Every structure is written in C-alpha cells, then in structure tokens.
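Trainee: Please find one structure pasted underneath; my questions will follow.
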Amino acid sequence: MDITLQFGQITPHLPYLLGGAWLSLQIAFLAFCGGMMLGLLGATALSFGPRWLRALVGAYVGFFMNTPQLVQIYFIFFALPDAGLLMEPYEAVLLGMTLNAGAYLTEIQRAGFTSIHRTELEAAQTIGFSLMQSVRYVILPHIMKVLFPPLSNHYILMTLGTSMAAIFGVEELTGRALNLNSQTFRSIEVFSITAGLYIVITFIATTLLALVGRGFFRARMRIL
Amino acid sequence: MRHLDIVDLRADYGSHTVLERINLEVGKGEIVSLIGPSGSGKSTLLRVILGLLPPIAGEVRIGGQTIDYRNKRDVKAIRSRVAVVFQQYNLFQNMDVLRNVTIAPVKVKGRPRAEVEEEAKLLLTRVGLGDKLKSYPDQLSGGQQQRVAIARALALKPEILLLDEVTSALDPELVNEVLDTIRDLATEGMTMLIVSHEMAFVREVSSKVVFMAAGHVVETGPPKQIFDNPQMARTQDFVGKILRH
Ligand SMILES: Nc1ncnc2c1ncn2[C@@H]1O[C@H](COP(=O)(O)OP(=O)(O)OP(=O)(O)O)[C@@H](O)[C@H]1O
Ligand SMILES: [Mg+2]
C-alpha cells in the first residue's frame, strides 16, 4: 500500500477550517460563561440554601454528571420540540453544554467555598474588616487561587467537547473537517490538520490561563 | 488605672456554658497571663472580648467604658483599640508580608499608604523580618509567620494586645524569637493579656497570673503566689503537673 500525503490539497481550505475553529471557541466560551453563572447559583444554593433547594440542585448536578453529554444534547434536540420548544442545532448544543457545565462548575465552585479558612476570616473580622471588605480582600482572592486551575482544566475540556456539535450538523471545527473530508477524501491530511488546530488552540489557552492564574492569583499552574 | 475590666462575664456555645462569672482586671501597661488546662475557656474569653462571641451576661470595659456588643459601632471601636494574635497565624495567604501588615490601617482606618508602609517596615524590621517584605506567608517559617502576625496587630496601634498561645504551634527553636518580641513590647509598656503554656516566660513577664479551669477563674495572684504558693487545690494540682515536666 502506498500512501502519499498531499497536504497541498488541503491548505487552500485552511481558512475554512479556521472559521470552524472560531465557532468552536465561541461555543466553548459562551457555554462556559453560562455554566459559571449556573455554577455560582448552584454552589451558593448547596452551601447556604434551604433543604428543598439543596435537594433540587443535587438532583440537577447528579443528573448531568452521571449521563453522557451527547445524550443530554440529543434529549434537548429531539425531546424538547415535542414539548413545543423548537431549537436550532447550534442552540441545542449551546444549551446542552451550558447545563452540563453548570453541573460540573457547581461542584467545583462549591469546593472553593468549603476551602475558605474560617480562621482567616476571623482574623479579617478582628482587624476591623466589614463583611464586604472580607469578601473582597480575603475570600475572593482565596477562591480564585483555589479555583482557577480546576476551572481552567474544565474550560479546556469544554473546548474539545465542542466537537460533539458536529453530530448535530453545526459547522464548527470538527463539522467543517467532516465536510472537507467528504469533498476531498484526504482523510489523513484533513484530520491531522484538524487535530493540529485543536492542539494549537488548547496550547494557547492553557498557556494564557496559566500565565493569568500565576500572575494574578498565585495559583499553582504549570506553564508548558 | 484599670485598662481592661471584665465583670461577671458569661458566655455560651449553644446550650453549653463555656465561661461563667469571669472577673479579671488588667491595669494600664500591665501584663496579665491566663493559664489553665485545655478547654478551660481561655481562647473563648479572648473571643468574647473581641466581639466574636457575644456574651450572655456581664460586662467588658475598656478604659472604664462598657462595650455594648450588640452595637456594631462599639464592636468596631473595640477592634481598633484591642488587637489579637491567634494561636494559628491566620495571616492572609494571598497577600505578601508588607500587605498583610498594611492592609488594615489603610483599608479600615483610611490612613495614607505611604506613611503606613514606612511604619510597617520599621515594625517588621523590629521583629527581625525587614528583609521579608515581599515574601508570602507560605514561604515563611512558623516563627516568622507568627512575628508577622504580631507586626500586623501592632500596625493598628492598639492600646491592648491579646496573645493566644502564640508559641504553641512553633518548633522549640522558634519559640524564643517570638518571646523576645513580646518581651520588647512589655518593656515599652504595652497592656497585654497573654494566654500561654510557657510557664517560665509567664513567670518572668507577668505582673499577675489568672488560673482558669472549666470556665471559671479559680485563682488570681502574682506569679510567685500562683507558681510557688498556690492557694487553691485545683491550682496546686495544675501547677504541680506543669512544673514537673
Ligand atoms: N466553636 C465552638 N463551638 C462549640 N464549642 C466550642 C467552640 N470552641 C470551643 N468550644 C468549647 O468551649 C470550651 C472552651 O474552649 P477554649 O477553646 O476556650 O479552651 P482553651 O482554654 O482555649 O483550650 P486550649 O488550651 O486547648 O486552647 C471547650 O469545652 C470547647 O470544647
Ligand atoms: Mg485556646
């Protein structure tokens, strides 16, 4: 068998793939931001809410952490229209990924809450800090330091997870790679370039996040 | 002149009474030490004075003024007049040494940063940490952290300093550097209430020793009395055990 790689056939399509990568980044970013807000609400509810609310949030987190994300998105895409909620594939993917992220980020942020040192807070009180000052100068910086690494990891995972959108016909990076593959039949070239693009994206994101985490929050993060 | 006055104080944790009918006086520039077995309520007494645990009955007076712990302004005022150093250093882990010391005077008292920083540098030099301004707590030894905690308390220019077993979490080699710092303060006339297990040190610096057990003050007297000639059986028992070590 003789395989000759012909990247030359693919390179003209690079801008097309890059456009897909841009959409991947957007989906990951939007779902992450939405998930962060859900997670903040969820973690607050779990830490301070009444019992019924904790049970409700617990069920939400349990459901989304114990079922495949793909099944969750299928459910939103195919089952919700029966209930009168029609959605574009892009919207279904975004909603699914946001809800899924919300569950994971609830757990991560709750861990941040429980890591607050009671004694450090007491020290803040005894030197005369108000509650707002304690939050601003002691609690938030502490939480950021503890949470920045796991949040960054989850963000990277979500960036890669956007490839699931291709199944629903969304033309993000993997979706466009599939299109290109069926046009050119240069599978090895197409998918190695696609994999390379994912690596570049995650490498840049990891490095930037580690620089921010180390620079601003004294988080323990490795820079590759 | 009485500086800190505690009268018939009682405090509970939930339904559990931890302090009962506590009476104690600290004169201006005086050093009073609290000793007693674990769980006798020494730390709780300091927490009550600072308004971290509201008293059920009795009074705390500073310079003759009774503190109303239900009044936020009173609580804030007492925290600016009385500073505390805890057993665990409780430094802010996300701030370097200089910021740990300067943040309260700047953010709480609203003093100019430059001026506060100059004072903080002097304070830190005095406790032997003039070269650690930019270090973070997790880069310091226990003794160094504890001395930063003392400097942070002093930066607020308190009238009264409360020290809660500031050496008990330290390795023996580090104890002396912290005790030296406290000795310095003593010679400068700072009013102090000290909880300590370092009996030799207590005997050396205190003008009065208060022995507590099970939430009560059992005996109060000069160190000579408490250590050499205790009047109460409970005190004799405790002192006997401690000094035999
Ligand atoms: N946060 C709390 N909630 C409930 N009970 C508490 C709390 N902190 C302390 N106690 C109880 O209050 C009593 C007095 O505790 P405290 O810490 O004042 O003792 P202590 O004399 O400082 O002891 P040690 O020498 O071990 O530091 C103990 O019986 C303790 O179990
Ligand atoms: Mg104690």
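The values are calculated or read from the model by the stated rules, or taken from the named source; none is laboratory data. What you are looking at is a predicted structure, and each value in this text was computed from that prediction instead of being measured. As a convention, Cβ positions derive from the backbone with ideal geometry for all residues, glycine included, and neighbour counts pool all protein chains shown. Just so you know, the surface numbers come from the protein's heavy atoms only, side chains and all, with ligands and any DNA or RNA stripped out. Shrake-Rupley method; radii C 1.70, N 1.55, O 1.52, S 1.80 Å.
Trainee: By how many degrees, 0 to 90 and rounded to 10, does the Cα axis of helix B:97-107 deviate from the longest principal axis of chain B?
Mentor: Long axis of B:97-107 versus the principal axis of chain B: about 80 degrees.
Trainee: Out of the stretch B:133-173, which trypsin sites (Lys or Arg not before Pro) are coil in DSSP terms and have no more than 11 other C-beta atoms within 10 Å?
Mentor: Values: sites: B:Lys134, B:Arg147, B:Arg152; in loops: B:Lys134.
For trypsin sites (Lys or Arg not before Pro) across the stretch B:133-173 that sit outside H, G, I, E and B with at most 11 neighbouring Cβ atoms in 10 Å, the list reads B:Lys134.
Trainee: Here's another thing I want to ask about it. In the protein assembly as shown, what percentage of the DSSP-assigned beta bridges are antiparallel, given to the nearest 5?
Mentor: Percentage antiparallel, nearest 5: 55.
Trainee: Can you tell me the relative contact order of the stretch A:11-216? Whole percent, Cα pairs under 8 Å, sequence separation 6 or more. Numbers along the way, then the final one.
Mentor: Values: 195 pairs, mean separation 62.4, N = 206.
30 percent.
Trainee: Can you give me the C-alpha center-to-center distance between the stretch A:42-58 and the stretch B:156-178, rounded to a whole angstrom?
Mentor: Spelled out, the Cα-based centre of one part sits 41 Å from the other.
Trainee: Sticking with this structure for a sec: Based on DSSP, what percent of beta bridges with both residues in the stretch B:2-243 are antiparallel, to the nearest 5?
Mentor: 55
Trainee: Among the lysines, select those whose C-alpha is under 23 Å from the C-alpha of B:Lys224, and discard any that sit fewer than 8 residues away in the same chain.
Mentor: The qualifying lysines are B:Lys28, B:Lys42, B:Lys208, B:Lys241.
Trainee: Quickly work out the A:Ala111-to-A:Phe191 label distance, labels modelled 7 Å from Cα along the C-beta direction, and quote it in nm with one decimal.
Mentor: Rounded to a tenth, the inter-label distance reads 3.2 nm.
Trainee: Further question: Between B:Val84 and residues 5 or more places away or on another chain, which pairs have amide H atoms under 5 Å apart, with H built 1.01 Å from N, and which residues are they?
Mentor: B:Leu162
Trainee: Per residue, what volume in Å³ does the Cα convex hull of the stretch B:144-245 take up?
Mentor: Taking the convex hull of the Cα positions in the stretch B:144-245, it is 112 Å³ per residue.
Trainee: Let me ask something additional. Taking 0.36 nm per residue of sequence separation and subtracting the Cα-Cα distance, how much length would be gained by fully extending the chain between B:Lys241 and B:Thr187, in nm to one decimal?
Mentor: Computed gain between B:Lys241 and B:Thr187 is 16.4 nm.
Trainee: Okay, moving on. Label-point separation (nm) for B:Arg73 and A:Ile223, each offset 7 Å from Cα along Cα-to-Cβ?
Mentor: Going by the 7 Å Cα→Cβ label model, 5.1 nm.
Trainee: Please work out the FRET efficiency for the pair A:Tyr16 and B:Ala114, using the Cβ-Cβ distance as r and a Förster radius of 51 Å; give the result to the nearest 0.05.
Mentor: It comes to 0.30.
Trainee: Per residue, how much accessible surface does the stretch A:1-137 expose to a 1.4 Å probe? Answer in Å², no decimals. Don't skip to the answer; put the middle values down first.
Mentor: Working: 7650 Å² over 137 residues.
Using a 1.4 Å probe on heavy atoms only, each residue of the stretch A:1-137 averages 56 Å².
Trainee: Is any residue of the stretch A:117-154 close enough, with backbone N under 15 Å, to a label point placed 7 angstrom from the Cα of B:Tyr13 along the Cα-Cβ axis, and if so, which?
Mentor: Under 15 Å, as judged by backbone N against the label point of B:Tyr13, lie A:118-119 of the stretch A:117-154.
Trainee: Set the Förster distance to 51 Å, then compute FRET efficiency between A:Thr119 and A:Gln26 from the Cβ-Cβ distance, nearest 0.05. Each step should come with its number before you reach the end.
Mentor: Working: r = 43 Å, r/R0 = 0.84.
Calculated value: 0.75.
Trainee: Let me ask something else about it. Please give me, ordered by residue number, the chymotrypsin sites (Phe, Trp or Tyr not before Pro) of the stretch A:133-224 that lie in loop per DSSP and have at most 16 other Cβ atoms within 10 Å.
Mentor: On the way: sites: A:Tyr137, A:Tyr155, A:Phe168, A:Phe185, A:Phe191, A:Tyr198, A:Phe203, A:Phe216, A:Phe217; in loops: A:Phe185.
In loop regions of the stretch A:133-224 (DSSP not H, G, I, E or B), the sparsely surrounded chymotrypsin sites (Phe, Trp or Tyr not before Pro) are A:Phe185.
Trainee: What is the extension gain from A:Ser47 to A:Gln183, computed as 0.36 nm multiplied by their sequence separation minus the C-alpha to C-alpha distance, in nm to one decimal?
Mentor: Fully extending the segment from A:Ser47 to A:Gln183 adds 43.7 nm.
Trainee: Check cross-link reach from B:Lys132 to the aspartates and glutamates: straight Cα distance under 14 Å, and skip same-chain residues fewer than eight apart.
Mentor: Cross-link targets: B:Asp96, B:Glu117.
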